[in-house]
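Just below is one structure, and these are the notes that go with it.
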Amino acid sequence: MLIDTHVHLDFYDSAEEIKAVVERAAAQNVQVLIAVGYDLNSCKKAVELSELFPNVYAVIGIHPHEAKGANSQVLEEVGLLATNKKIVGIGEIGLDFFRDYSPRDIQREVFRRQIDLAKELDLTPSSLQREVAGLVQAGVLRSRREGNRLYFQADPQCTLFPELQGLVAK
């Protein structure tokens, strides 16, 4: 079975374009698409699309670049969306100190809260990591790792990748 674990169907302008993408994927034997939400609007869209198409599921969360806009109300709404049966993970979450589009302390807090949400709902966190933020992220994951899975993505050249991979191995 082929699964595309990271699609941004919300980038398309029309329902016809989205339907065409889903159909082209199926024609190439991609049986499941996982739509990714990175801010509240894209999370809502990912959930909506997962309900429209039987082979589309969603991973929703607040990307580190969007953390500055993730107040308690936004995080609560993401939490409510995450109870949908077609949600398979919380992501794309993490820390990104490379560009610092959101203040680092806010990134850390939003990341912690989303890891906690994933644990509460027994969903897999999907974590983005930039090497500069890796040690901080590793500490957050260590403090919250019990009983959880982690889908982790990083630059293959990242020197921290083996250590972080070890954090989630049971």
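Every read-out reported here was derived from the displayed coordinates using simple, explicitly stated rules and does not represent laboratory data. Since the model is a prediction, treat every value here as computed from it, not as a measurement. We place every Cβ from the backbone using ideal geometry, glycine too, and count neighbours over all the protein chains shown.
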**Report entry** Net charge over other residues, Cβ less than 14 angstrom from the Cβ of TYR12 (K, R count +1; D, E count -1)
**Finding:** -3
Query - Exceeding the 21 Å Cα-Cα cut-off - candidates LYS19/LYS68; LYS85/LYS119; LYS45/LYS86 - result: LYS19/LYS68
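Give a quick list of chymotrypsin sites (Phe, Trp or Tyr not before Pro) in region 1-77 that DSSP marks as loop, anything other than H, G, I, E or B, with at most 16 other Cβ atoms within 10 Å.
On the way: sites: PHE11, TYR12, TYR38, TYR57; in loops: TYR12, TYR38.
Listed in order of number, the matching sites are TYR12.
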Requested in this report: Give the calculated FRET efficiency between ASN71 and LYS19 to the nearest 0.05, with a Förster radius of 41 Å applied to their Cβ-Cβ distance.
Outcome: 0.75
